[in-house]
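Written below as structure tokens is the structure these notes are about.
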Amino acid sequence: MAGGAATTAFVTEAGGFIGMALIERLVAEGCQVSGLAGSVEAARRVRAAGATPVIGDLLTPGQWQDEAAADWVFQLPRHAFNGSRVTPKQAESIGRAHVSMDAHLLDVIEAGPTTRIVYVADASCYGATGSRAITEDAPRRPGAWGQCFEPALARVEGYSVAGLPIVTAFPGWVYGNGSWFAARVIEPIVAGRPVLRFGKTGPWVSSIHVHDCARALVYLAQHGEAGGSYFLVDSEPTRLHAFAETFARLAKRRLRSWPIPTAASRIVAGPVCADLVQADAVFSNIRLRGIGFQFDYPTIEQGIQQIIGAFHD
């Protein structure tokens, strides 16, 4: 998986949860990395990770676009779900923003030297799946949250048809010491606060450790098929509440839960995100494994052990 010293990479939302893990992986592979950072603090994190920060915002065209041309370009999501309540008006705004951000990036690199664009999409575009894993070829039936990303995804598919070397990645629930997992699992358990539990156990979901997610994104830049799409998930679906149960058990902490009846889910999570905490979303990684990718943390048991071990280190 060596990118080589001559390989250049440009990462959007570089100071975020997935972006930081991706930069660390690319730098470890010997790549020359530039990361788009929207603030001085984000730029500091990007620089500390070994990349060159580029100040700018995907929503606003500017000088950052001159720096976007690279061998590999990674377009990361700006508005990943973190467990917060989202209103329909906010979801609509998020959808419009995604279309604009993609255009500001993809329009300026389509005539450049880029050999692979890894576009990170939201797996909720596929909607509820039932408890049996679906493949990337299954029809997309998005719920309220997934629908706000459909216009952007349709535009990206158009860019791909037009010849841009785009590989689309659909991560499942990306967990690690950050984002929703830190806010909704680690912090409340460590502080002795209750963790929200939707229904008795929550839905079946597919997940991936953030380090494996970063590794898979780099692997797709090297081995993914242009025009193809790939689910980035481990091989063992889990109940949503198992994240909190596993973390509490391995960290030797008491787990306190605040049960949310199914009927109240729309009130607590909001009408847009209620399907995320109620409906099964299970995806197959057979296509990802078929191109040779192997997981460092194939189960949440192993992944959460790494998170806890990092605390001690």
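Taking into account only those residues within the stretch 115-168 that are β-branched (Val, Ile, Thr) and assigned to a helix (DSSP H, G or I), which is surrounded by the fewest Cβ atoms within 10 Å (Cβ to Cβ)? If you could, list the steps in order and put the result at the bottom.
Within the stretch 115-168, the subset β-branched (Val, Ile, Thr) is 115, 117-118, 120, 129, 134-135, 156, 161, 166-168.
From what is left, the residues that are assigned to a helix (DSSP H, G or I) are 156, 161.
Details: VAL156: 22, VAL161: 10.
The selected residue is VAL161.
In the stretch 275-297, what residues are in a loop (DSSP other than H, G, I, E, B), out of contact with any His (no Cβ under 9 Å at 6 or more places or on another chain) and farther than 25 Å from GLU92 by Cβ? Please lay out each step first, then the result.
Here is the first cut: in the stretch 275-297, the ones in a loop (DSSP other than H, G, I, E, B) are 279-280, 284-285, 291-297.
Checking the rest, the ones that are also out of contact with any His (no Cβ under 9 Å at 6 or more places or on another chain) come to 279-280, 284-285, 294.
Correct list: ASP280, SER284, ASN285, GLN294.
Pull up the stretch 266-313, narrow it to residues that are out of contact with any Gly (no Cβ under 8 Å at 6 or more places or on another chain) and among the acidic types (Asp, Glu), then point me to the one that is farthest from ILE186 (Cα to Cα).
In this case the residue turns out to be ASP296.
Looking at this structure, is VAL272 more than 22 Å from ARG215 (Cβ to Cβ), part of a loop (DSSP other than H, G, I, E, B) and either under 21 Å from the mean Cα position of the chain (by Cα) or among the basic types (Lys, Arg) (or both)? First the steps, then the outcome.
Working: more than 22 Å from ARG215 (Cβ to Cβ): yes; part of a loop (DSSP other than H, G, I, E, B): yes; either under 21 Å from the mean Cα position of the chain (by Cα) or among the basic types (Lys, Arg) (or both): yes.
Here the answer is yes, as VAL272 does meet what is asked.
Is the stretch 174-189 home to any residue that is in contact with a strand residue (DSSP E or B) (Cβ under 9 Å, 6 or more places away or on another chain), in a strand (DSSP E or B) and open to solvent by 10 Å² or more (accessible area, probe 1.4 Å)?
Checked against the condition, which is being in contact with a strand residue (DSSP E or B) (Cβ under 9 Å, 6 or more places away or on another chain), in a strand (DSSP E or B) and open to solvent by 10 Å² or more (accessible area, probe 1.4 Å), the stretch 174-189 yields at least one hit.
Residue under question is GLY83, and the condition is that it be modelled with pLDDT under 95 and on the phi > 0 side of the Ramachandran plot; does it hold? Let's see the steps before the verdict.
Numbers: modelled with pLDDT under 95: yes; on the phi > 0 side of the Ramachandran plot: yes.
Against the criterion (modelled with pLDDT under 95 and on the phi > 0 side of the Ramachandran plot), GLY83 qualifies.
Given (1) open to solvent by less than 20 Å² (accessible area, probe 1.4 Å); (2) modelled with pLDDT of 95 or more; (3) not aliphatic (A, V, I, L, M), identify the lone condition not met by GLY270.
(2)
If you scan the stretch 245-260, which residues turn out to be open to solvent by less than 20 Å² (accessible area, probe 1.4 Å) and in contact (Cβ under 8 Å) with a residue 60 or more places away in the chain?
If we filter the stretch 245-260 for residues that are open to solvent by less than 20 Å² (accessible area, probe 1.4 Å), which is where we start, we get 246-248, 260.
The answer is PHE247, ILE260.
Taking LEU220 as the residue in question, decide whether it is modelled with pLDDT under 95, surrounded by 21 or more Cβ atoms within 10 Å (Cβ to Cβ) and in contact with a Phe, Trp or Tyr (Cβ under 8 Å, 6 or more places away or on another chain).
On the way: modelled with pLDDT under 95: no; surrounded by 21 or more Cβ atoms within 10 Å (Cβ to Cβ): yes; in contact with a Phe, Trp or Tyr (Cβ under 8 Å, 6 or more places away or on another chain): yes.
The answer is no for LEU220.
Would you be able to say whether some residue in the stretch 87-110 is at pLDDT below 95, in contact with a Phe, Trp or Tyr (Cβ under 7 Å, 6 or more places away or on another chain) and aliphatic (A, V, I, L, M)?
Yes, there is a match, as at least one residue in the stretch 87-110 is at pLDDT below 95, in contact with a Phe, Trp or Tyr (Cβ under 7 Å, 6 or more places away or on another chain) and aliphatic (A, V, I, L, M).
Residue-by-condition table, conditions (1) open to solvent by 40 Å² or more (accessible area, probe 1.4 Å); (2) of a type in the set (Asp, Glu):
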residue: ALA264; (1), (2): no, no
residue: ALA274; (1), (2): no, no
residue: ALA281; (1), (2): no, no
residue: ARG287; (1), (2): yes, no
residue: GLY290; (1), (2): yes, no
residue: PHE293; (1), (2): no, no
residue: ASP296; (1), (2): yes, yes
residue: GLY303; (1), (2): no, no
residue: GLY309; (1), (2): no, no
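Looking for whichever is assigned to a loop (DSSP other than H, G, I, E, B), of a type outside the set (A, V, I, L, M), under 30 Å from ALA144 (Cβ atoms) and over 17 Å from the mean Cα position of the chain (by Cα) here; the options are GLU236, GLU245. Which one fits?
The conditions single out GLU236.
The values are calculated or read from the model by the stated rules, or taken from the named source; none is laboratory data. None of these values were measured; they are calculated from a predicted model. In this analysis, Cβ positions are derived from the backbone assuming ideal geometry, glycine residues included, and neighbour counts consider all displayed protein chains. Calculation scope for accessible area: heavy atoms of the full protein, side chains included, ligands and nucleic acids excluded. Shrake-Rupley method; radii C 1.70, N 1.55, O 1.52, S 1.80 Å.
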